[in-house]
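The structure appears below as structure tokens.
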Amino acid sequence: MAHSKALLVLENFIGGKFVPCSSYIDSYNPSTGDVYCRVPDSGKEEVEAAVKAAKDAFPIWSSKSPLERSQILNKLADLIEHDLEEFAQAESKDQGKTITFARTVDIPRAVHNFRFFASSILHHVTECSEMPAMGCVHYTSRAPVGVAGLISPWNLPLYLLTWKIAPAIACGNTVVAKPSEMTSVTAWMMCKLLEKAGVPPGVVNVVFGTGARAGEALVCHPDVPLISFTGSTRTAQRITERSAPHCKRLSLELGGKNPAIIFDDADLSQCIPTTVRSSFANQGEICLCTSRIFVQRGIYSEFLKRFVAEAKKWKTGNPSDPTIDVGALISKEHLEKVRTYVKKAQAEGARVLCGEGVDPLALPPGNQKGYFMLPTVIAEVKDESCCMQEEIFGPVTCVVAFDTEEEVIRRANGVKYGLAATVWSGNVGRVHRVAHRLQSGLVWTNCWLVRDLNLPFGGMKASGIGREGAKDSYEFFTEVKTITIKH
Ligand code: NAD
């Protein structure tokens, strides 16, 4: 593809300095289909330099008090917040998400991640146990682990990267981070603020590049004892294999195939707009998005009618237009993959009620080559269909009917994933019963995406290993030691 004149060229950030790379990858603007940015294609050499810088910075950073580190994290939060609009514009252009989503979700949350861990790091206490008969007291102490390798995906770029960087450095580790090669710009922008925030050189290093080269070099590096990864289950399997010879500590936040279960006593006036949002927010490119909607038979027809009408209100188009609800998907390949699922469902006899292939998609002239797709609702899909089993990760949701509580729990649990579920019912007893029996790391009842960052976040089954949150991230990013004193 021919390059336009003013390409943005990123550089790695190693040891507090921007460093050019010998080769680069093209990065596309998903809403126009144009190459607009060149991202370093880092490999072993760049990762080696970044790990060395992180190792060199570790003794001083790890010996700072939590309060000193907290003040630096707060300063960094202030600086990102000051540039919020610039960051939001960049995230929207790089990822295809709407400017509204970037302004109200991605960047505010990145700011909050730093503030949250700046605060929570001050409030941990360790355990103590006395043994008077032995004249002993035992206590635990926690210390940072060393150089943390952080690998993040393209759907919520700065949001998810800072969810890892903030706890890692708050605990006193130094880091080498590798954002997705498709969405590297906001991480690079953040690097420009580190010095001003007071983050010493080498504490945060960012290497840009592909998973196969830069990611694997990080995963296989002997001096990186822990890897925090968010991305697909398939990549997690590869990371597990590649890191196994080093016995690394792994935190894996992976994909989902999240059910919404809607009982006949649900408040549909709340449930329908929320479930449309949980299906299509960020183009359906959130690991927590709903993609299987189970509706109790008595309200199935009414639900379907109202749900489709609500979905049709969502406007798809130029992400920089603040009235748009659905932006562009991340890449041409991803758009094709998502479309293939819709075609497969149709071939199996399912009904596409709105969206892809059914409704016209009118795009402004500048966006004709962008990777857009309308919110798509599919009904009468079989549970064993790939649309009901595999993560689609696009604006596609399937609606099916169920009869009993027992049946819907079995069907909702009948996938390999177990990340998030939503349950809608006015019966509090039923809500508790169902929530307890769902194989899911998160269950929202009568709401979606309401998060308290203090509490554990993560998935069961193929959706992950480990949890993140105030206490969980603290435990992951520190090594615990039990000390016994005899007096
Ligand atoms: P991906 O697994 O393709 O890539 C994620 C990251 O891993 C990227 O930075 C990529 O370059 C890197 N990578 C790829 N191969 C690698 C390798 N062999 N070694 C090391 N690193 C490698 O995922 P994606 O397509 O970027 O993101 C979408 C996926 O992420 C979806 O499955 C989604 O559900 C999941 N996700 C999960 C959560 C969660 O918190 N559970 C949050 C967001 C996204």
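The values are calculated or read from the model by the stated rules, or taken from the named source; none is laboratory data. Quick caveat, the model's predicted, so the values are computed rather than measured. A quick note on method: Cβ atoms are made from the backbone with ideal geometry, for glycine too, and the neighbour counts reach across all protein chains shown. Just the protein is used for accessible areas: all its heavy atoms, side chains included, with ligands, DNA and RNA removed. Shrake-Rupley method; radii C 1.70, N 1.55, O 1.52, S 1.80 Å.
Annotation note: of TYR24, TYR36, the sole residue that is more than 17 Å from GLY172 (Cα to Cα), open to solvent by 10 Å² or more (accessible area, probe 1.4 Å) and in contact (Cβ under 8 Å) with a residue 24 or more places away in the chain is TYR36. Being near the ligand (Cβ under 7 Å from one of its atoms), open to solvent by 20 Å² or more (accessible area, probe 1.4 Å) and part of a helix (DSSP H, G or I) holds for only one residue in THR235, THR240, and it is THR235.
Listed residues SER228, SER243; which is under 18 Å from the mean Cα position of the chain (by Cα) and within 26 Å of ALA470 (Cα to Cα)?
Values: SER243 fails: under 18 Å from the mean Cα position of the chain (by Cα).
Matching residue, one of SER228, SER243: SER228.
Condition check ((1) farther than 23 Å from ILE286 by Cα; (2) modelled with pLDDT of 95 or more; (3) in the same structural domain as HIS334 (by the TED database); (4) open to solvent by less than 30 Å² (accessible area, probe 1.4 Å)) across all residues:
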| site | (1), (2), (3), (4) |
| --- | --- |
| LEU361 | no, yes, yes, no |
| PRO365 | yes, yes, yes, no |
| PRO375 | no, yes, yes, yes |
| GLU390 | no, yes, yes, no |
| GLU405 | yes, yes, yes, no |
| VAL408 | yes, yes, yes, yes |
| TYR417 | no, yes, yes, yes |
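For region 121-139, a tally of residues being hydrophobic (A, V, I, L, M, F, W, C), open to solvent by less than 60 Å² (accessible area, probe 1.4 Å) and touching a helix residue (DSSP H, G or I) at 6+ places or on another chain (Cβ under 7 Å) returns 1.
Close Cβ contacts (under 6 Å, 6 or more residues apart or on different chains) running from residues in region 282-302 that are farther than 20 Å from GLU405 by Cα and outside the structural domain of ASP94 (by the TED database) to residues that are within 16 Å of the ligand (Cβ to nearest atom) and open to solvent by 20 Å² or more (accessible area, probe 1.4 Å) comprise ASN282/PHE101; GLU285/PHE393.
How many residues are more than 18 Å from the chain's Cα centre (by Cα) and open to solvent by less than 20 Å² (accessible area, probe 1.4 Å) if we restrict to region 210-225? Spell out the reasoning first.
Taking region 210-225 first, the residues more than 18 Å from the chain's Cα centre (by Cα) are 212-214, 216-225.
Restricting the remaining residues to those that are open to solvent by less than 20 Å² (accessible area, probe 1.4 Å) gives 214, 217-219, 221, 224.
Residues meeting the conditions: 6.
With the condition kept exactly as written, say whether any residue in region 266-277 is charged (D, E, K, R), outside the structural domain of LYS55 (by the TED database) and more than 29 Å from TYR341 (Cα to Cα).
Taking region 266-277 first, the residues charged (D, E, K, R) are 267, 277.
From the residues that got through so far, the ones that are outside the structural domain of LYS55 (by the TED database) too are 267, 277.
Subsequent filtering for residues that are more than 29 Å from TYR341 (Cα to Cα) retains 267.
Yes.
Sub-9 Å Cβ pairs linking a first residue in region 108-137 that is within 30 Å of ALA77 (Cβ to Cβ) to a second residue that is open to solvent by 80 Å² or more (accessible area, probe 1.4 Å) and hydrophobic (A, V, I, L, M, F, W, C), at least 6 apart or interchain, are ILE121/LEU67; LEU122/LEU67, ordered by first then second residue. Every condition in (1) part of a strand (DSSP E or B); (2) under 27 Å from the mean Cα position of the chain (by Cα) holds for PHE372 except the one numbered (1). Would you say LYS461 is within 16 Å of the ligand (Cβ to nearest atom), open to solvent by 60 Å² or more (accessible area, probe 1.4 Å) and at positive phi? Yes, satisfied. Scanning region 449-458 for residues that are within 10 Å of the ligand (Cβ to nearest atom) and open to solvent by 70 Å² or more (accessible area, probe 1.4 Å) yields nothing.
Being of a type in the set (Asp, Glu), at pLDDT 95 or above and either exposed (fewer than 12 other Cβ atoms within 10 Å of the Cβ) or more than 14 Å from PHE229 (Cα to Cα) (or both) is the requirement here; does GLU468 meet it?
On the way: of a type in the set (Asp, Glu): yes; at pLDDT 95 or above: yes; either exposed (fewer than 12 other Cβ atoms within 10 Å of the Cβ) or more than 14 Å from PHE229 (Cα to Cα) (or both): no.
No; evaluated as a whole, the condition is false for this residue.
Tally time: how many residues in region 259-293 are small (Gly, Ala, Ser) and part of a loop (DSSP other than H, G, I, E, B)?
Keep residues of region 259-293 that are small (Gly, Ala, Ser), which gives 260, 266, 269, 278-279, 281, 284, 291.
Then drop every residue that is not part of a loop (DSSP other than H, G, I, E, B), which leaves 266.
The total comes to 1.
Residues in region 375-393 that are in a loop (DSSP other than H, G, I, E, B) and in contact (Cβ under 8 Å) with a residue 60 or more places away in the chain: how many? Of the residues in that region, 5 qualify. For SER320, the conditions (1) touching a helix residue (DSSP H, G or I) at 6+ places or on another chain (Cβ under 6 Å); (2) in the same structural domain as ARG467 (by the TED database); (3) open to solvent by 10 Å² or more (accessible area, probe 1.4 Å); (4) among the small types (Gly, Ala, Ser) all hold with the exception of (2).
Are any residues in region 400-433 in contact with a helix residue (DSSP H, G or I) (Cβ under 6 Å, 6 or more places away or on another chain) and among the polar types (S, T, N, Q), and if so, which ones? Working first, answer last.
Start the filter on region 400-433 by keeping residues that are in contact with a helix residue (DSSP H, G or I) (Cβ under 6 Å, 6 or more places away or on another chain), which leaves 401-403, 409, 415, 423-425.
Correct list: SER425 only.
Tell me whether region 200-208 contains one or more residues that are part of a helix (DSSP H, G or I), of a type outside the set (Phe, Trp, Tyr), open to solvent by 10 Å² or more (accessible area, probe 1.4 Å) and in contact (Cβ under 8 Å) with a residue 24 or more places away in the chain. Within region 200-208, not a single residue is part of a helix (DSSP H, G or I), of a type outside the set (Phe, Trp, Tyr), open to solvent by 10 Å² or more (accessible area, probe 1.4 Å) and in contact (Cβ under 8 Å) with a residue 24 or more places away in the chain.
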